[in-house]
Amino acid sequence: LVTKEEVDRLVQVDVPPPSHFHRDFNSFRYFPRQLPDPCTSPAILSMVESLGMITKFRLSRESLARFTLMVRKGYRDPPYHNWLHAFSVTHFAFLLLQNLQLVERGVLTSLEALALIVSSMCHDLDHRGTTNSFQVASNSVLASLYSSEGSVMERHHLAQAMCILNTDDCNFLENLSREEYTKFLDLMREIILATDLAHHLRILSELRQVAEEGYDSANPRHHDLLICLLMTAADLSDQTKDWHSSKHVAELIYKEFFTQGDLEKAMGNMPLEMMDREKAFIPELQLQFLDDVAIPVYEIVAKLFPEADEPYSSIKANRRNWSRLRDVYKRRKPESTSSLEVFE
Ligand SMILES: Cc1nc2ccc(C(=O)N[C@]34C[C@H]5C[C@H](C[C@H](C5)C3)C4)cc2n2c(-c3ccccc3Cl)nnc12
Ligand SMILES: [Mg+2]
C-alpha cells in the first residue's frame with residue numbers, strides 16, 4: 001500500500017509547473033515516456049494543478065497524492081500496459097485540454113476535463129498484458145465476472161478505479177457536490193469503457209458525422225462522443241511522436257502480443273496472426289492498424305481542432321516510415337529469424 005512517508009514526500013514539496021519537468025513538456029512533440037519514473041507522480045499533480053482543477057473542485061492535495069500513488073501501484077509490469085503507459089496517456093489528455101483550451105472555449109465542462117484526466121490515469125489498472133478475447137478463451141476470473149457484458153478488461157479497470165476511489169483518504173473528490181460526484185462517476189465509467197477499441201469502431205461513423213457537421217457544445221451526445229474520441233486519441237498517442245519513439249513503443253506492444261500468442265498455442269488455441277510470432281509481419285500489421293484505427297482518430301481531432309494538426313502530421317509521417325520498412329523487409333524472408341527483427 002502507500003506509506004505516510006511516500007505521501008508526505010509528494011505533498012510537502014511545492015508542485016512545480018509542468019515546464020519544470022522539461023521545456024517541451026507542454027508540446028505535442030514531447031515524449032512523456034522519457035520522464036524518469038520518480039518524476040511521474042509529481043508530474044501528475046503538476047498537470048492537475050496547471051489545469052486549475054485543484055482550485056476549481058477544491059481537491060484535497062493530500063488525498064490526490066495518495067490516490068495517485070495508489071493508482072500507480074495498481075498497475076502490473078507487462079511490457080506495455082504498465083504505469084508508464086497510463087502516465088503517457090494522461091500526459092496527452094493534458095496536452096489536449098491545455099493546447100486546445102477545451103474548457104476555456106466551452107467545448108467541454110471542467111467536470112468532463114477532470115473525468116478525462118482521472119480516467120486516463122486509471123484506464124488500464126491491473127492489466128495483465130492479455131486481451132478481452134484471451135480472458136474468455138482462458139476462462140479467467142475476469143471473464144466469469146464480466147464476459148456477459150463484454151469489454152471484460154475495461155470493466156475490471158473501472159472496478160479497480162472505483163475501489164481506489166473508495167479507499168479511505170484516497171477520495172480527493174470529497175468536496176464535489178453530490179450531483180457533481182454522481183456525474184463524475186458516470187463520466188469515468190463511460191470513458192474507461194470507451195477505451196475498448198471495439199467500442200471506438202462502433203462509434204467511428206458518428207464521430208465522422210460530428211466532424212462533418214461541426215461540434216455543437218449544446219448537444220450532450222456531442223460531449224459524450226468527444227470525450228470518447230479524446231480518450232482514444234490519448235490511448236494511441238505514442239504513435240503521434242517521433243519515429244524512433246513510436247517504433248520502440250510498437251515493439252513493446254508486439255512483445256506483449258507474442259507472449260499471449262505463445263500462451264494460446266500452449267493452450268492448444270490458434271492465436272490471431274498479430275499475436276503469432278511465427279506469422280506476424282509487423283510493418284504490414286502496423287500499416288493496417290494505422291489506416292483502420294489510429295490515423296482516422298487524429299484526422300477527426302484535427303478536423304475539429306486545427307491546433308491539433310501536429311499529432312495528425314506526425315502519425316502520417318510514421319505511416320510513411322512503416323511503409324518504407326515493409327518494402328525493406330517485404331514478406332518475412334524464410335531465412336529471417338524473428339518478427340521482431342524489424343526493430344533491430
Ligand atoms: C501501435 C498499436 N498497435 C495495435 C495493433 C492492434 C491493436 C488491436 O487491439 N487491434 C484490434 C483489431 C480488431 C479490432 C479491435 C478489436 C480486436 C480485433 C483487436 C482492435 C491495438 C494496437 N495498439 C494499441 C491498443 C489500444 C487499445 C487497447 C490495446 C492496444 Cl494494444 N495501442 N497502440 C497500438
Ligand atoms: Mg485498455
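What follows draws every value from the coordinates through simple rules; no lab data is involved. If you're wondering where the values come from, they're calculated on a predicted model, not measured in any experiment. Glycine gets a Cβ as well: all are built from the backbone with ideal geometry, and neighbour counts include every protein chain shown.
Out of Ser19, Phe172, Thr55, whose Cα points farthest toward the positive end of the dipole of the chain (charges: +1 Lys, Arg; -1 Asp, Glu; placed on Cβ)?
Sorting the options by dipole projection puts first Ser19.
Below 18 Å, Cα to Cα, which lysines can Lys4 reach? Residues fewer than 8 away in the same chain don't count.
Lys73
If you bin the C-alpha pair distances of region 30-118 every 5 Å from 0, what whole percents do you get?
3, 13, 25, 25, 18, 11, 4, 1
As a check on your grasp of the helix formula, calculate [θ] at 222 nm for the chain: sum -39500 (n - 2.57) over DSSP H runs of n ≥ 4, divide by the residue count, round to the nearest 500.
Calculated mean residue ellipticity at 222 nm is -19500 deg cm²/dmol.
With charges set only on the Cβ (+1 for Lys and Arg, -1 for Asp and Glu), what does the dipole of the chain come to about its Cα centre, in debye to the nearest 20? It would help to have the intermediate numbers written out before the result.
On the way: 37 positive and 49 negative charges, 116 e Å.
The calculation lands at about 560 debye.
Compute the long axis of helix 61-73 from its Cα atoms, compare it with the longest principal axis of the Cα atoms of the chain, and write down the angle in degrees, 0 to 90, nearest 10.
20
If you take the charge dipole of region 147-262 about its Cα centre, with +1 on Lys and Arg Cβ and -1 on Asp and Glu Cβ, which of Ser245, Ser151, Ala218 is farthest toward its positive end?
Of Ser245, Ser151, Ala218, it is Ser245.
Which residue fluctuates most in the GNM of the chain (Cα springs below 10 Å): Ser144, Ser88, Ser110?
In the Gaussian network model the winner is Ser144.
Hey, what's the Cα Rg ratio for region 176-313 versus the globular rule of thumb, 2.2 N^0.38 Å?
Its radius of gyration relative to the 2.2 N^0.38 Å reference: 1.24.
In what sequence do Met162, Met188, Met267 fall when counting other Cβ within 10 Å, fewest first?
Final ranking by Cβ density, sparse to dense: Met267, Met162, Met188.
Taking only Cα atoms and a 10 Å spring cutoff, compute GNM fluctuations for the chain and point out the largest among Gly261, Gly129, Gly214.
In this elastic network of the chain, the residue with the biggest mean-square fluctuation among Gly261, Gly129, Gly214 is Gly214.
Between region 121-145 and region 151-214, what's the alpha-carbon centroid distance in Å?
Using only Cα atoms, the two centres lie 18 Å from each other.
List the lysines whose Cα sits under 18 Å from the Cα of Lys303, skipping any in the same chain fewer than 8 residues away.
Cross-link targets: Lys316.
Can you give me the three principal axis dimensions of the chain from its C-alpha atoms, in Å, biggest first?
Principal-axis extents of the Cα atoms in the chain, largest first: 62, 43, 40 Å.
GluC sites (Glu not before Pro), restricted to region 166-214: which are DSSP loop and have at most 13 other Cβ atoms within 10 Å?
Sparse-neighbourhood loop GluC sites (Glu not before Pro): Glu174.
Of Asp309, Asp224, Asp216, how do they rank once you tally other Cβ atoms within 10 Å and put the fewest first? Write down the numbers at each step before the final one.
Values: Asp309 14, Asp224 17, Asp216 11.
Least crowded to most crowded, the residues run Asp216, Asp309, Asp224.
Mind checking which of His248, His200, His156 has the largest fluctuation in a GNM of the chain, springs on alpha carbons under 10 Å?
His248
For a footprinting-style exposure proxy, rank Trp322, Trp83 by other Cβ within 10 Å, fewest first.
Trp83, Trp322
On a 0 to 90° scale, report how tilted helix 243-266 is relative to the longest principal axis of the chain, with both axes built from alpha carbons and the result rounded to the nearest 10.
70
Using square roots of five times the C-alpha gyration tensor eigenvalues, list the equivalent-ellipsoid semi-axes of region 263-319 in whole Å, biggest first.
Calculated on Cα positions only, the semi-axes equal 33, 11, 7 Å.
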